[in-house]
Structures are given as structure tokens and as C-alpha cells.
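Shown next, in C-alpha cells, is the structure this report addresses.
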């Protein structure tokens, strides 16, 4: 689950930034009345600036900590990752929805001559975006599309079902799509404002999320709407394929007409084949040896803007990124150069030295874990060095840390949806819809990502000849590409595999087993003393690896994990139930 930031976004940092300052700082909201405000398009534009604070930004809770891909057992994501979500531990806010409703109500009575359609579209977008966050967290929630006061009966209404909420989200997104400008028509000073393509991308995401939820999770968590849950009002089994078909269409529209492209600078020798690292710390021309700045990034479709001069992250991104230790599972997910997973590939070189498992592998694995560097030939499996799992993480760490950038000043944009994810949604929606995908469709989507990663294309022949499940390979591609971008928990839920994915131990490096004479060896094949078994409270665990069953260090034991089906949804806030006893609790809580 992503946390929604309440910081006002710094989009259009020069022009709109000044507008925000005038509106928020110099003229407090309480001083405005209906009689003097919402009279011209600039009023609506200034008001929508506050809506952008609903977009997620730099937040370490948005980086899949405590998922199956993370060996971190820190506080971020701990409750979901371990199945320890407690009643009273959650809350929700309708403040963003209320802000959207205010603008929409004022737009209904607007009598000015200037065009406000873009800002109305933004309000529809952000209302949908807020409800989407609530849907993923709680399932069905009360739907509110008007400006309420303390006496409004809607404040004491029961929950709407998830199916009614989805219908409202999609309706709002259609309203947004009809009003928003395409990216190509947004002036430079307003870059970062929502485009038609961003609204289409979010609609495709919502449709894929709900279609796969209904397909793999079903109605088990709806409750009866009488004693528990929000019920199943509005459920229609035909919506699954309808949603998938529209998701395909929306993705194809963006791919064909959006004008976006993958940020791939691997042809520049100075970039060291590290495009998949530099993309996520891209700032000014000094943020990489190729001299590329943010204006060269045409991959981000929906993103939260930061700027070194006007709006820094105020997070110690690099230092924290180095401590986001990947798990054994993630490292094994990336394919080899021949396009095959390590368990199938003759190119996989095993674990006899510390760097062996990274040879002949997907560039994303190396870039995300080591940046421009090469995997070490030795590893210190104690606290420090490469992290407690024995693996590094460099995704989000900046180039020139300590000199060009220091803690809290890193200011790369945070991606919410980028073209890579549109390719992944397109391929997954096609396969879920048809049970198949053509090589041509793979080439116009997933294989573009594989080209940047410098691995062989995924084809039906490759899958068939090697006994691969195409659906699982598409999911593998999504897992590797979107590593630590805040998508993993939601994916595990909608695929119906949350329990089986989160209850096993989080493992780190291979440290021994039937393939080894000693616990660990360095690059020369000599036994090393860097592995200190006593550093690991949970010891070792035998696990199936691409080289057979081997022992790995246990960073977070399965003894700590009690994830059950109820954890697909969070409990309704008890504070809200106290205020409105018609809000029934989700099943299992």
C-alpha cells in the first residue's frame, strides 16, 4: 500500500510555484469567499495546485519493504509483510476527495467565459485517484460526490461495495480523459500536470487490478454487507473481460499516440550500460556522466516533481537506498542473457564465488543492485559491507553522493506510472484476456524492456521449448522491471498469492550446501571467514535455488510471518466505526 503524501507538489516550479505561494501563503483559504473566488480560469488553476499533494512522492514506505523481494524487516510495510495488521492501526482521509468535490461543485455554477475544462478534468482525476487508494486498502468504502456538511446524512451511510467504488472510479477517469490535454500540448512551464495519457494509464491500472482481483481473489472478502464487509452489490462477472479489453485499448493508445519512449542511453559509452540506474536519480546534467538532465526523460507519464533549487526531497534517499537489501527470491527472478531464468539457463554460473550469480544476467539486476559498479568478488556476510542479506541495493542512490549531492538534497522525480509499466500492463492484460499473446505483441511491449536490459526476447518458442509458463514470465518481467517502485504488495494481492509469497522466510546469500565444500568461497575458490553464522539469529535454511537445494542465510524467519487471506484488505478504521456504526468491519478482523 502506498502512503499518500500531503505535501503540495512542486510542479511547474517557476511559474506555478509562484502561483502556489500567492494562493497558499499570502492569501489563506479562510479569507476567500464564494463571492470573490472561482470567478476565472486562473482561480481554478490555482486551486488545483493543492490537489497534486495527493500524489505519492519520495517515501520509504513506498518501496516494497517487507515484501517477498525485500530482506529488510524494518518498520515500513511490516504489518502487511508479516500479517500483523491490528484493529485500530489504520485510518482514512476524505480530505482530498472533499477538495475535488468543492471544485466540481463550483465548476457547475461557473459563469465565466474562460475555459476551465482542464482543471475540472484534474479534479475528476484526483477524486478517482483517491478512491483507488481507498479501494486497494479497504475494499468497498462510502462514495461521496458532493460537498457535505456536518449534518449531511451521507456521513452516516453504510459502505458501498468494491464494485460500486470501481464503477465510480472508472466514471471519474472517463470524465478526466475527456477533458485533459495530451502531453504534447502541455507547455513546458506546466510539465507535471496530469495529461490525458496519465489518466488513461491510471484507468488501465485500475481495470487490470480489479479484473485480476475478481479473477483470482473473487468475492471472498466482500462479506455479506449485513454483518461484515461491504457486500457484493453491483457485481457483474462479465466485467472481468470488459475491463481487460479496455485496459489493452488504453495501453495501446498511449503506446501508439502518447509520444513517450524508454529512457535508454546504453549506446553512450560513458553511461556504462547503466540506464536502468541513472533513470531513477536523473536530475541536472551532473547527475550522470553523459550529461543528461530531466528534459531527456520521456518515459515518465505520471510523476511527482522535485527540484534541487525549489523543492528537494528532504529524505536521505541514497543512504537509505543502500540499506534496502534485496532478497534471495528477487536475485533469482532476473533472467540470463539468453532470456531464460537461471534455473533453465546454461549461462547461469552458480554461486562458487560471490560474483558468479551476476554473470551473464539481466542488466536491471546489476543496475538496481550495484549501479554502475560490478558485483564484488568477495562479500562480508555480517552487518555492513553489502548489507545483511549479502546483497547491495543501488536503485534510487544518486551519482556523486557525498560531493554532488548529500543527504536530503537528492531531487529526482518520483515515478508513479512510466511507459515501461504501460508495456507490462498491455502484455498482462492481453494474456489474461485471451490466454495467449503473440510474438508481435511481445515485441511491441515487454521485449522493448528486454532490449534495454540486453537480454534475449521473450517468445512463444522460447517459452514452449523450455517449459515456461507465459503468464508467469510476464509476471516475472513486471517483478524485475518495477523492483521497489511500490507495486509488489498490490500485485501479490490481485494475483491471489499474498499468503504463499509472504509467509516463507526472507533469505539472503547462498552460504553452503551440497555444491560446496565449505560455507562460502571467495573469487579464488578459497574458504573465507567473512561469513559469521552467529550474526544471523535465524541461522540458515535449505531452499531450492537454480543450482538445486542449498543453504541460505535467513534474514527474516518464516516463524515471524502469519499472513492470511484477511490481510488482502486492511481493517476499517475503528475511529470511523465509532462515528458511524453502519460501517461494517472487513471479514476476519
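If only one of 123, 201, 176 is surrounded by 19 or more Cβ atoms within 10 Å (Cβ to Cβ) and in contact with a strand residue (DSSP E or B) (Cβ under 6 Å, 6 or more places away or on another chain), which one is it? None of the others qualify; the one that does is 201. If you go through the range 76-117 and pick out every residue that is in a helix (DSSP H, G or I), buried (at least 20 other Cβ atoms within 10 Å of the Cβ) and under 18 Å from the mean Cα position of the chain (by Cα), you end up with 2.
Yes or no, residue by residue, for (1) surrounded by fewer than 18 Cβ atoms within 10 Å (Cβ to Cβ); (2) touching a strand residue (DSSP E or B) at 6+ places or on another chain (Cβ under 7 Å); (3) farther than 22 Å from residue 212 by Cα:
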{"residue": "362", "(1), (2), (3)": "no, no, yes"}
{"residue": "373", "(1), (2), (3)": "yes, no, yes"}
{"residue": "405", "(1), (2), (3)": "no, no, yes"}
{"residue": "412", "(1), (2), (3)": "no, no, yes"}
{"residue": "424", "(1), (2), (3)": "no, no, no"}
{"residue": "429", "(1), (2), (3)": "no, no, no"}
{"residue": "447", "(1), (2), (3)": "no, no, yes"}
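Residues that are part of a loop (DSSP other than H, G, I, E, B), more than 22 Å from the chain's Cα centre (by Cα) and not assigned by TED's automatic domain parsing to the domain that holds residue 464 occur at least once in the range 275-288. The single residue among 487, 471 that is touching a residue at least 12 places away in the same chain (Cβ under 8 Å), within 20 Å of residue 66 (Cβ to Cβ) and within 24 Å of the chain's Cα centre (by Cα) turns out to be 487.
Examine the range 145-156 for a residue that is touching a helix residue (DSSP H, G or I) at 6+ places or on another chain (Cβ under 9 Å), part of a helix (DSSP H, G or I) and loosely packed, with under 15 Cβ neighbours inside 10 Å, and state whether such a residue exists. For the range 145-156, residues touching a helix residue (DSSP H, G or I) at 6+ places or on another chain (Cβ under 9 Å), part of a helix (DSSP H, G or I) and loosely packed, with under 15 Cβ neighbours inside 10 Å: present.
Which count do you get for residues in the range 308-328 that are under 18 Å from residue 401 (Cβ atoms) and outside any loop (DSSP other than H, G, I, E, B)? Qualifying residue count, the range 308-328: 5. Being assigned by TED's automatic domain parsing to the domain that holds residue 174 and assigned to a helix (DSSP H, G or I) is a description that does not apply to residue 219. Within the range 61-75, the set of residues being buried (at least 21 other Cβ atoms within 10 Å of the Cβ) and at pLDDT below 90 comprises 62, 72.
Whether any residue in the range 108-120 is on the phi > 0 side of the Ramachandran plot and touching a helix residue (DSSP H, G or I) at 6+ places or on another chain (Cβ under 6 Å) is what I want to check.
Applying the first criterion (on the phi > 0 side of the Ramachandran plot) to the range 108-120 yields none.
No, because not a single residue in the range 108-120 is on the phi > 0 side of the Ramachandran plot and touching a helix residue (DSSP H, G or I) at 6+ places or on another chain (Cβ under 6 Å).
Residue 8 fulfils the conditions (1) more than 27 Å from the chain's Cα centre (by Cα); (2) at pLDDT below 55; (3) not in a helix (DSSP H, G or I) except for a single criterion, (1).
The values are calculated or read from the model by the stated rules, or taken from the named source; none is laboratory data. Here the structure is a predicted model, which means the values were calculated and not measured. Glycine gets a Cβ as well: all are built from the backbone with ideal geometry, and neighbour counts include every protein chain shown.
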